[in-house]
1. Taking the condition of being of a type in the set (Phe, Trp, Tyr) and either in a loop (DSSP other than H, G, I, E, B) or in contact with a Lys or Arg (Cβ under 6 Å, 6 or more places away or on another chain) (or both), how many residues in the stretch 47-83 meet it?
2. Do we find that Arg109 is of a type in the set (D, E, K, R) and surrounded by fewer than 20 Cβ atoms within 10 Å (Cβ to Cβ) in this structure?
3. Taking Gly41 as the residue in question, decide whether it is more than 30 Å from Glu147 (Cα to Cα) and surrounded by fewer than 16 Cβ atoms within 10 Å (Cβ to Cβ).
4. Does any residue of the stretch 29-37 turn out to be surrounded by 14 or more Cβ atoms within 10 Å (Cβ to Cβ), out of contact with any strand residue (DSSP E or B) (no Cβ under 6 Å at 6 or more places or on another chain) and aliphatic (A, V, I, L, M)?
5. Given the options Ser119, Ser129, name the one that is part of a helix (DSSP H, G or I) and of a type in the set (Ser, Thr, Tyr).
6. Please find, within the stretch 121-141, the residue that is surrounded by the fewest Cβ atoms within 10 Å (Cβ to Cβ) out of those that are among the aliphatic types (A, V, I, L, M) and farther than 16 Å from Ile97 by Cα.
7. Looking at Arg191, Arg197, Arg225, Arg181, which one is within 24 Å of Phe60 (Cα to Cα), in the same structural domain as His80 (by TED's automatic domain parsing) and either among the aromatic types (Phe, Trp, Tyr) or surrounded by fewer than 18 Cβ atoms within 10 Å (Cβ to Cβ) (or both)?
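The values are calculated or read from the model by the stated rules, or taken from the named source; none is laboratory data. Computed from a predicted model, the values in this text were never measured in an experiment. In this analysis, Cβ positions are derived from the backbone assuming ideal geometry, glycine residues included, and neighbour counts consider all displayed protein chains.
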Amino acid sequence: MKTQAPETMFERREIKYLLTTAQKEAFMGIIEGYLRPDENGNSGSYRLMSLYFDSPNKDFYRAKWFNLPSRKKVRIRKYHNPEEKASGAEEQAFIEIKEHTPTINYKRRILLPVGQAFSILNGNMIEQSLAPEDQAILDEIWGLVKEFQLQPTAVVSYHRQAYKVKKEDWGLRITFDQNIRFRTDELSLERGDQDKRLIDEGMEIMEIKVKGTLLPSWTQEALERCGIEQASFSKYSHTIEKSFEWALVPPYGLEDYEDILKEAKEASLPLELWKQRTAFLAD
């Protein structure tokens, strides 16, 4: 598995699409001349697993549910690396903070041995010499751990095929995620990934990540030709909603929550309809 020195800070627009394998193949048939496989993995292909952390009240999930303009996620992310495992070396993982804003997404991460990463997110600060930028990320993570009393909440794993554009100044990266699995028990990265499917077989999530706000014209034209439309999709939020009945519950003692919940249950409203009925709560 080829690797390169990992970046620790990202600033980009991320656009998601839910599409069929047939749509993916048609899309790639149009744009493949602009792309090259990502340097990581086997020709840009690799497996990864993320362990998400949240507060006891699931503040990070609820922020997404209400579509708050600024919100964060914290996770440990491990990339499957057969060479690392075969060598007997201690496996490495990233602790990551994902921050969403209305226009740009930010990601800050630090690479640590898996044991240290878990120790930090379990509330134990570690003493080690770090570069100033890495120490700043670690301090931010530690602050979130203390503020939200973070605890392991869900594991999501999937296979990713990643591409970059040949013309570097476009700053474009396209990824396809398939065979997406999840669980909310046995929250260890050591267990395998034969868990429940998050989306139907034959469906994939495509992400287009671009530095700036506009897509190149050739990308937009290909999306339109293939009938691919933008979709809001959070793997973590969908995992929570598939796992827990309380995932529909608005937080923090809203006065009319009990009436809304009772009404929704009596009417047997589907999730999406109920979200529409309660959309005013996010205003």
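1. Residues that pass the stated criteria total 3.
2. No: the conditions fail for Arg109.
3. It is false that Gly41 is more than 30 Å from Glu147 (Cα to Cα) and surrounded by fewer than 16 Cβ atoms within 10 Å (Cβ to Cβ).
4. Yes, the conditions are met somewhere in the stretch 29-37.
5. Working: Ser129 fails: part of a helix (DSSP H, G or I).
So the residue among Ser119, Ser129 that is part of a helix (DSSP H, G or I) and of a type in the set (Ser, Thr, Tyr) is Ser119.
6. Restricting attention to the stretch 121-141, the residues satisfying the condition of being among the aliphatic types (A, V, I, L, M) are 121, 125-126, 130-131, 136-138, 141.
Then keep just the ones that are farther than 16 Å from Ile97 by Cα; that gives 125-126, 130-131.
On the way: Met125: 12, Ile126: 14, Leu130: 14, Ala131: 10.
Looking at the filtered set, the residue picked out is Ala131.
7. Details: Arg191 fails: within 24 Å of Phe60 (Cα to Cα); Arg225 fails: within 24 Å of Phe60 (Cα to Cα); Arg181 fails: either among the aromatic types (Phe, Trp, Tyr) or surrounded by fewer than 18 Cβ atoms within 10 Å (Cβ to Cβ) (or both).
Matching residue, one of Arg191, Arg197, Arg225, Arg181: Arg197.
Conditions (1) more than 28 Å from Gly41 (Cβ to Cβ); (2) of a type outside the set (Val, Ile, Thr); (3) assigned by TED's automatic domain parsing to the domain that holds Arg191; (4) free of Cβ contacts under 8 Å to residues at least 12 places away in the same chain, marked per residue:
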{"site": "Thr101", "(1), (2), (3), (4)": "yes, no, yes, no"}
{"site": "Ile104", "(1), (2), (3), (4)": "no, no, yes, no"}
{"site": "Ser129", "(1), (2), (3), (4)": "yes, yes, yes, yes"}
{"site": "Pro132", "(1), (2), (3), (4)": "yes, yes, yes, yes"}
{"site": "Ile141", "(1), (2), (3), (4)": "no, no, yes, no"}
{"site": "Lys146", "(1), (2), (3), (4)": "yes, yes, yes, no"}
